[in-house]
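Structure record follows, encoded as C-alpha cells.
The values are calculated or read from the model by the stated rules, or taken from the named source; none is laboratory data. None of the values given here were measured: they were computed from a predicted structure. Note: ideal-geometry Cβ built from the backbone for every residue, glycine included; neighbour counts use all protein chains shown. All accessible areas refer to the heavy atoms of the entire protein, side chains included, with ligands and DNA or RNA removed. Shrake-Rupley method; radii C 1.70, N 1.55, O 1.52, S 1.80 Å.
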Amino acid sequence: LPERFGSASSLSSAVINSRLQELVRLFKERTEKVKEKLIDSDVTSDDESPVASPTKTAPAAAPVPAPGGELEGDKPLGDDHYCEMLCCTFKHRPWLDRLRSYKFPSSIDPLTNLMYVLWLFFVVMAWNWNCWLIPVRWAFPYQTPANIHYWLLVDYLCDLIYLLDILIFQTRLQFVQGGDIITDKKAMKENYLRSQRFKMDVLCLLPLDFFYFKVGVNPLLRFPRCLKYMAFFEFNSRLEAILTKAYIYRVIRTTAYLLYSLHVNSCLYYWASAYEGLGSTTWVYDGEGNSYIRCYYWAVKTLITIGGLPDPKTLFEIVFQLLNYFTGVFAFSVMIGQMRDVVGAATAGQTYYRSCMDSTIKYMNFYRIPRTVQNRVKTWYEYTWHSQGMLDESELLVQLPDKMRLDIAIDVNYNIVSKVALFQGCDRQMIFDMLKRLKSVVYLPNDYVCKKGEIGREMYIIQAGQVQVLGGPDGKSVLVTLKAGSVFGEISLLAAGGGNRRTANVVAHGFANLFILEKKDLNEILVHYPESQKLLRKKAKKMLRSSNKPKDEKGGPGDALVIPPKADTPKLFRAALAATRRMGGKGALGRLRWRLQELQAMQEAQGSSVSPTPPKSPVHHRSPVTAHRAQTRLGEEISSESPDHLVTIRVISTAKEDEEILAAEISEKDEKKEEQ
C-alpha cells in the first residue's frame, strides 16, 4: 500500500508540474503578443488564440456494433438525417429542419432586408389583383354564380396578406429617431400606429363585404382594397435599390401605367355600352367577339387619338367621348414624358461619354493633331468607358462621405496594397489613408509606364492587364512580365535625394489598368505617422542593399566608397618582412612586422565588409618607437643580413624626424624564386 500511494503521489505531482509548465508557457506567449501589439499598432486582436493544453480524457468505451453488423463510427456523416420507417429508410430534408428551427426576427431593417422585399412582392401582387380585376368584374359579365366561390377565395387570400402585413411586418420595422436606429418592439409598434401608413392600411380593410348579404356580391364594395398604394411605391424603391439595371424595371413599370390606363378605359367603355344598350347605336359595343379585346382596342384608338372611330349619337356618348379625348391626350403626354425621363436617365452616362469624345475630337482637329495620336486618344476613350463604365472614378466618389469612400477603397484596393512588402507592419490607418490617394490610370498597348533614367516619384500597382520590364544591351529584351496584383516602383517613394532613377523600361503589354501612388501624397500621410515613417525608411534601406544593382557590383566611378580598400603590400617590402622572419624577428622591421600583424588582427575582429583606413606605408613612415630614434643620427646606416646571406636590409636616417630610408638587396637566386 505505501508503494502504491507513493507512486500515485509522484504521478499526480508530475501531472501538476507539467500543467504548471504549460500555464507558464501560455502566459509567456500571451505576454509576447501583448508586447507586439503595443509596439506594432497593426497587430489586432483577431490573432489566433493559443491552443489549450490537452487534458486527459476518459477511456472510450468499446464501440457497440449496430444491428446490421457495422460500427457506429463506420456510418456516413449524413446518417443524422435518416429515419427508419417500416422496412424503408427515408432521409429528412435539411431545409425542413431549418424551416422548423427558423425564428422570426424581432425587428426588420426595411432598407437592407431582402426577406422584407420578398414580402412586399406578395403584398403588391395582392394589390394588383384588386386594382386590375375589380373593374373587370364590375363592368364585364365575367363573375357568375357558377364561379363566384373562386373569386371570393382569391379575394380573401389577398385580405389575409393585407392583415399579416399589418400585424407582423409593419409593427417590426426599424426607424430612425434623433440619429439612432430604434429596434425596441414597443417603440416600433407605436411608431407604426402613429403613421399615415397605418391609417391607410386600416381604411383599405374596411369590412364592406358584409353588404354582400344585402346587395349581393358587388365587386365595387372591395374598392377600398386599392388604397394600399403605399406598399406599391415602397416596393418600387426597395427593388430599384437592389437591381443592377434599375432602368429596365422603370421602363416596365411605366409601360404598365399605360396599359392600366387603357385597361380602365376599356372597362368604362363596356359599362357605357351596356348602359346605352349593346348594339343600340354604331358607337357602342355591338356584343360580337371577345368583349374585353374589342373594348381594349377601342380604348387604345381613343387614348392615342388614332382616329377612325364612329361618331357618338347621343348626348351621353358625346360627353363620354370628349372626356376620353381629354384624358387620352393628358395621359399619353404624361406617359411619353415619363418614358423619355427613364430612357434619358438610363443613357446619361453614355451621353456624357459621347459629348466628351466629341469635344476632344473637335479640339484635336482644331490644332491639327496627327492622326496617329488621335486614334490613340479614341482608343483610350473607348477602352476606359467599356472597362470602367466611366471616364473618371473620382467623379463618382466625390459626392460620398469620407468614410464611405474609405470603405469602397478598402474593398477594391486593400488586398493588393497589403501584399506590398514595403507596407507590411505599418500602421493600418496609414494604409487606409493611402488607399484614398490611389489614382486609376489606363495605359494602351506599348505605352511606356516609366523609362530608364527617369526620376521615380510614384509607385505602381497593377489592377488588370500585364506590363513588361525591358532591358539588355538594346533595351528591348523582356526581362520579366508582371501580372495583375504585382507592384513595382515602391522603393522610389522613400529614396533620398529627390528619388532614384529607373533602371529599366516598363511597357504595357496590351491594355493595363494601374493604380498610382505619388511620393508627395505619401509624404503628406507620413507626417501624421512618425513610427511608420521610421519603419519604411529602414525597409527601404534594406531593400536597396539587397537589390544588388549591376553598378554596385562593378564598382562604377559614381559609387566611390567612403573608406577606400587597403592597398596591396609592395613586393619588395614583403621580401624584407620574409627576411626578418628568417632572422628571428628582431630589430626595427621585426617590431614593424609585429605591428602589422596586430593591425590585421584588429581588422579581422571588426568583420566589416568595407576595409578600414590602411596604416601609413612603412616605406615612408617608421614604427612609432621613440627609443630607436634616439640611438640613430643623421646619415647613420643600420644594416642587417640574413643567415644564408641572400637578403641584406639597410635603414638610413634622414633630415626629417619621422622618416627613414629602407633598402633591401636580394641575391640573384632569391630573386628568381620570388619571380616564380
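Values computed for the structure shown
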item	result
Long-range neighbours under 9 Å by Cβ, at least six apart or interchain, first residue outside the structural domain of T281 (by the TED database) within the range 293-317, second open to solvent by 50 Å² or more (accessible area, probe 1.4 Å) and of a type outside the set (D, E, K, R)	none
Residue satisfying all of: in the range 229-243; open to solvent by less than 50 Å² (accessible area, probe 1.4 Å) and touching a residue at least 12 places away in the same chain (Cβ under 8 Å); farthest from K199 (Cα to Cα) among these	L239
Strands (runs of 3 or more DSSP E) completely within the range 365-482 that count 3 or more residues being open to solvent by 70 Å² or more (accessible area, probe 1.4 Å) and either of a type in the set (V, I, T) or under 30 Å from K245 (Cβ atoms) (or both)	none
Candidate set from the range 133-148 (those that are exposed (fewer than 15 other Cβ atoms within 10 Å of the Cβ) and among the hydrophobic types (A, V, I, L, M, F, W, C)); member that is nearest to D159 (Cα to Cα)	I148
Every pair of residues 6+ apart whose Cβ atoms lie under 8 Å, when the first sits in the range 523-542 and is assigned by the TED database to the domain that holds N500 while the second is outside any helix (DSSP H, G or I) and not hydrophobic (A, V, I, L, M, F, W, C)	I525/R437; Y529/D427; E531/S41; E531/D427; S532/D427; L535/G425
Those residues of the range 417-447 which are over 18 Å from the mean Cα position of the chain (by Cα) and under 29 Å from W380 (Cα atoms), in sequence order	V442, Y443, L444, P445, N446, D447
Test result for Y352, modelled with pLDDT under 90 and open to solvent by 90 Å² or more (accessible area, probe 1.4 Å)	yes
Residue list for the range 278-300, filter: at pLDDT below 90, touching a helix residue (DSSP H, G or I) at 6+ places or on another chain (Cβ under 7 Å) and open to solvent by 40 Å² or more (accessible area, probe 1.4 Å)	none
Among the candidates Q429, Q374, residue that is out of contact with any Leu (no Cβ under 6 Å at 6 or more places or on another chain) and closer than 25 Å to P530 by Cβ	Q429
Which numbered condition Y275 misses (of (1) touching a helix residue (DSSP H, G or I) at 6+ places or on another chain (Cβ under 6 Å); (2) hydroxyl-bearing (S, T, Y); (3) closer than 24 Å to F223 by Cβ)	(1)
Residue count for the range 175-212, restricted to those that are under 29 Å from V264 (Cβ atoms) and open to solvent by 100 Å² or more (accessible area, probe 1.4 Å)	4
Test: residue in the range 244-256 that is out of contact with any Ser or Thr (no Cβ under 9 Å at 6 or more places or on another chain), surrounded by 14 or more Cβ atoms within 10 Å (Cβ to Cβ), among the aromatic types (F, W, Y) and under 24 Å from L118 (Cβ atoms)	yes
The range 341-359 residues that are closer than 15 Å to L391 by Cβ and among the aromatic types (F, W, Y), paired with ones that are surrounded by 13 or more Cβ atoms within 10 Å (Cβ to Cβ) and modelled with pLDDT under 80 (beta carbon under 7 Å, 6 or more apart)	Y353/L391
Residue match in the range 174-185 (condition: touching a strand residue (DSSP E or B) at 6+ places or on another chain (Cβ under 6 Å) and in contact (Cβ under 8 Å) with a residue 12 or more places away in the chain)	yes
Qualifying residue in the range 194-215 (condition: free of Cβ contacts under 8 Å to residues at least 12 places away in the same chain, under 30 Å from P141 (Cβ atoms) and aliphatic (A, V, I, L, M))	yes
